[in-house]
Amino acid sequence: MKSFSYAKVATAEEAAGLLKQRNTRLIAGGTDLLGLMKERLIEPDRLVDVNGIAQLRGITATKENFRVGALTTLAELAAHQATPLIIKEALADAATPQLRNMATVGGNLVQRNRCWYFRSAEHRCWLKGGPRCLAVDGDNRYHAIYGEGECRQVTPSDLAPALIALDATVVMRTDEGEDSLPLAQLYVAPTARHRREHAVGDDDLILAVRIGGDALRRHATYLKFMERATWQFAVVSVAASARLVEGRAQDVRIVAGAVANIPWRVKAAEDLLAGEKIDDARALAVAERFVRDARPLRDNAYKVAVLRELVRRAVLRLKD
Ligand SMILES: Cc1cc2nc3c(=O)[nH]c(=O)nc-3n(C[C@H](O)[C@H](O)[C@H](O)COP(=O)(O)OP(=O)(O)OC[C@H]3O[C@@H](n4cnc5c(N)ncnc54)[C@H](O)[C@@H]3O)c2cc1C
Ligand code: SF4
């Protein structure tokens with residue numbers, strides 16, 4: 001690893017000042033950042049440790065507002081009594097207990113992708129500034145089945161689809177000051193000018209994530225398909241939520257993880273459920289519609305079948 005200088009800060013203002021310096025990175029739990037540094041995929045001159053910023057810690061829960069500080073660990077979030085069930089389900093199989101004790105909510109939402117060409121220092125693929133995506137003609141069994149951009153990596157976070165299914169907003173501190181925006185807007189497919197999985201800049205600071213009362217009252221569930229039953233990133237995941245009014249679904253959200261560059265929604269599938277009673281036939285129809293426009297690569301057509309089944313099961317679970 002290249003040597004670097006280190007500063008621990010106590011306030012968001014201090015962090016913002018230091019993060020403006022060239023080639024400086026913020027470190028929280030370090031579970032993703034340090035791996036990238038060891039592999040020399042990033043070589044910062046300076047790390048700014050935000051673990052001393054009290055403002056970024058803690059969970060506040062009322063009937064109308066659930067607010068999680070960005071430094072909350074995945075373990076703390078999973079253990080809190082007011083944490084919505086869908087979030088607990090999403091965290092149950094995320095990484096390992098040791099990692100969940102270190103990994104923070106902020107870091108989880110902006111962790112880099114797990115494409116093996118991206119993670120290997122020996123491969124200079126398109127996302128790292130190279131001429132082309134090595135997965136398109138290479139080993140693409142875990143890659144995207146939606147989207148047509150240059151890069152076919154998929155979103156690795158378990159938390160992001162679950163939070164987006166609850167219309168979560170993220171509170172950020174950027175150059176322009178403090179701002180709140182829908183979490184879904186953080187995720188943007190990489191472009192030639194912005195070869196990155198999300199819109200968070202190196203000098204931006206995520207302060208918290210917030211879920212409003214309407215979403216907290218929805219029925220919601222998270223399902224994850226893994227290749228083995230211990231620490232594994234999702235091969236496919238599905239988060240779904242809906243309000244039930246006299247047995248009919250309203251405000252339907254179905255968000256798939258690990259199938260595209262961004263947490264993936266298919267509005268036409270959500271619309272098929274809106275206003276309807278949930279039964280086997282409806283759940284299957286919604287699932288069929290969700291996968292209709294999938295375009296798998298050579299090795300990952302199996303993900304379409306897995307996704308269809310997870311969507312079907314998730315929709316049925318919304319009845320409970
Ligand atoms: C073996 C392994 C298995 C894993 N399995 C899973 C899994 O199954 N599901 C899953 O969802 N995740 C999984 N992860 C990913 C893990 O959850 C993330 O590495 C972790 O959540 C990142 O949080 P951190 O605090 O360690 O971030 P760091 O490593 O400190 O930082 C990661 C990135 O986030 C940025 N960052 C951190 N905090 C903030 C903030 N407040 N504002 C702005 N930027 C910030 C950093 O600058 C850096 O770019 C796994 C990781 C490993 C190593
Ligand atoms: S999918 Fe993206 S990260 Fe993976 S090789 Fe292609 S360009 Fe690189």
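Every number here is computed from the coordinates shown, using simple stated rules; none is lab data. These numbers were taken from a predicted model, which means no experiment stands behind them.
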key: Whole-Å semi-axes of the ellipsoid equivalent to the stretch 200-320 (Cα gyration tensor, √5λ, descending)   = 24, 21, 13
query = With all pairs of different alpha carbon atoms counted, what Kirkwood hydrodynamic radius in Å does the stretch 251-320 show?
reply = 12.3 Å
Volume in Å³ per residue [convex hull over Cα atoms, computed for the stretch 1-55] = 64 Å³
task = Mind listing the long-range amide H neighbours of residue 125? Cut-off is under 5 Å, sequence gap 5 or more, other chains count too, H placed in the peptide plane at 1.01 Å from N.
result = 130
Cross-link reach list, lysines versus residue 20, counting only Cα pairs under 21 Å and skipping chain neighbours closer than eight places = 2, 8
message = What number results when the radius of gyration of the stretch 141-284, computed over Cα atoms, is divided by 2.2 N^0.38 Å?
response = 1.13
note = In Å, the Kirkwood estimate of hydrodynamic radius for the chain over Cα pairs equals 20.1 Å
Phi-based couplings in Hz for the stretch 145-161 (Karplus 6.51, -1.76, 1.60; Gly and Pro marked x) = 10, 10, x, 10, x, 5, 9, 10, 5, 10, 5, x, 6, 7, 6, 4, x
Long-range amide H partners of residue 46 with built H, under 5 Å = 5, 25
ask   = In whole angstrom, how far apart do the alpha carbon centroids of the stretch 197-267 and the stretch 21-47 sit?
value = 27 Å
ask   = Given Cα pairs under 8 Å that are at least 6 residues apart, what percent is the relative contact order of the stretch 1-55?
value = 58 percent
request  = Using only the Cα atoms of the stretch 146-222, build the gyration tensor, take square roots of its eigenvalues as a ≥ b ≥ c, and label the shape rounded, prolate or oblate: rounded if a/c is under 1.5, else prolate if a/b is larger than b/c, else oblate.
outcome  = oblate
ask   = Relative contact order (percent) for the chain, with alpha-carbon contacts under 8 angstrom and 6 or more residues of separation?
value = 17 percent
